[in-house]
1. As an exercise, identify the trypsin sites (Lys or Arg not before Pro) in the range B:125-159 lying in DSSP coil whose Cβ has no more than 16 other Cβ atoms within 10 Å.
2. Springs between alpha-carbon atoms under 10 Å, Gaussian network over chain B: tell me which of B:ALA114, B:ALA263, B:ALA301 tops the mean-square fluctuations.
3. So what are the radius of gyration and Dmax for the Cα set of the protein assembly as shown, in Å?
4. Nothing charged except the Cβ atoms of Lys and Arg (+1) and of Asp and Glu (-1): what's the magnitude of the dipole of the range B:125-260 about its Cα centre? Round to the nearest 20 debye.
5. So what is the orientation-averaged projected area of the range B:149-347, using the convex hull of its C-alpha atoms, in nm²?
6. Test of the criteria: in the range B:276-323, which trypsin sites (Lys or Arg not before Pro) are in a DSSP loop and have at most 16 other Cβ atoms within 10 angstrom of their Cβ?
7. Between the range B:4-80 and the range B:108-125, what is the C-alpha centre distance in whole Å?
8. Compute from the Cα atoms of the range B:242-348 the Rg and the Dmax, the latter being the longest Cα-Cα distance, and quote both in angstrom.
Amino acid sequence: MARSEQTFFEDEALDRAFGVVMALATEVQVLRDRLGALEARLAAAGLVEAGELAAAPGDEERAAGEADRRAFAAALLEPLLGRQSSKSVG
Amino acid sequence: MDERSFVAAQDFLLEAKKYWTTEIYGALKADYRHKAAKAAPGEPAEVRAMLGETVLYRYYAWLERHLQRFKYSGRYGLAPYHRERREALLAGLADPGGRLALDPDLDVPKYYSAVDIHQHPGGVSGEDIAGFVYERGSRSTTPMLGARHRDLHQRFTDILAAEGAPSRILDMGCGFGKSTRPFYDSFPEARIEAIDLSAPCLALAASIAAEDQARNVRYRQMDALATDYDDAGFDLVTSTMLIHEMPPEEIERSFAEAHRLLAPGGRMAHLDFLPASEPFARFIHYGHGRRNNEPFMRPLAEMDLEGVLAGLGFRDIEIQPFAEADGVDTVDSAAWRFPWAVVSARKA
Ligand SMILES: C[S@@+](CC[C@H](N)C(=O)[O-])C[C@H]1O[C@@H](n2cnc3c(N)ncnc32)[C@H](O)[C@@H]1O
């Protein structure tokens, strides 16, 4: 049996959930770092201009990303509705 | 895990730790000041009653515990990173020449194997790569010092050098030699013996010394509580961050051993952590020990060191705060810091 981790909150669920948040935050930083490196290499190779990716996207580009944005927002926030996705008893 | 991801993740965790060190600790201290203005606590337990249940303190404590946990054990932790590179790391160790003597039959004290110190899985001797894990981890132990963390050992060495160059030095609990290196660098004429229980740490220490081409140091696997050196053979017995890892009874035994090893007039000096008597500092430090798997921080802080040392026959007993870098406030630091102190005494 693994030993129980120390707890700091009244509801241990918060201790554990915050651990998930920190793991994800770390992963986000890893991705940001990778993306930054990629952009720098692309700029160095002349494939994008420096600052090009930081500029506001045009209407066409925004429209192209819309479906993906909508799906991400829905997937992220859907659990807040507290609805069953499959039938259970009790 | 690739190198870049590991570095990005560890950098992120360190950045989060710095935020904790300055902003979250700062807010906690401000909250304490505010509350203590009405009724100043005299004991750490009263500080706990005042702050322990607040949301801020809970996050403060959670982060202290878990940032360290992520550092060692998460997906990008030091332990999995080094395990994946095990063979290359071990193959990269330099030939120590005569600088290393291991003792595979050594019995380690019970307190040592009971906890995974610093939340390092298996502790600093649990596996053959443990020295590498510890070395990498130590670079961010003092978050605000950054790469200057090595300087603090030199500062300690310089304090001791101010009273003349010792010629026979023992560094107890030398780890991977971070504390030993300034001694063999600063005192090229001296003979330096460095001992530790951990074979993986000693192997790394000896490899570093070989790369440094140091001719005056030897790393030996030995218990600081019972060494095999002759009586009165050293004029300086030192340690850095060793005594807080031992229970009081073992601390006393290590002092007695140091006393036996010192020539008359020889000096013993330990660089370690001792909080001020102020209750907030103690509350913070005791919590740190608990959360960092260092259960003997608190008993050390509560020991009567002067009494123990005097009882063993030491004189010139001094316990002084130690500034790990220029400009730190050892009395009332705005950011969290280790309560560094030097415990020093002479054999009569
Ligand atoms: C926090 S580390 C410090 C290492 C080193 N002095 C430095 O400053 O980097 C403490 C070391 O003490 C060692 N240690 C603990 N108990 C010991 C004992 N009874 N005898 C020898 N070494 C011991 C541990 O193995 C560990 O390497």
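Read-outs: derived from the displayed coordinates by stated rules, not from any lab. Because the structure is predicted, anything quoted here is derived from the model rather than measured. Cβ: placed from backbone, ideal geometry, glycine included. Neighbour counts: every protein chain shown.
1. On the way: sites: B:ARG136, B:ARG139, B:ARG148, B:ARG150, B:ARG155; in loops: B:ARG139.
Hits after loop and neighbour filter: B:ARG139.
2. Of B:ALA114, B:ALA263, B:ALA301, the most mobile in the Gaussian network model is B:ALA114.
3. So, for the protein assembly as shown, Rg and Dmax equal 25.3, 85 Å respectively.
4. Details: 14 positive and 23 negative charges, 109 e Å.
Dipole size: approximately 520 debye.
5. 10.8
6. On the way: sites: B:ARG282, B:ARG290, B:ARG291, B:ARG315; in loops: none.
Loop-located and lightly packed - none at all.
7. Computed from Cα coordinates, the inter-centre distance equals 23 Å.
8. That works out to 14.3, 42 Å for Rg and Dmax.
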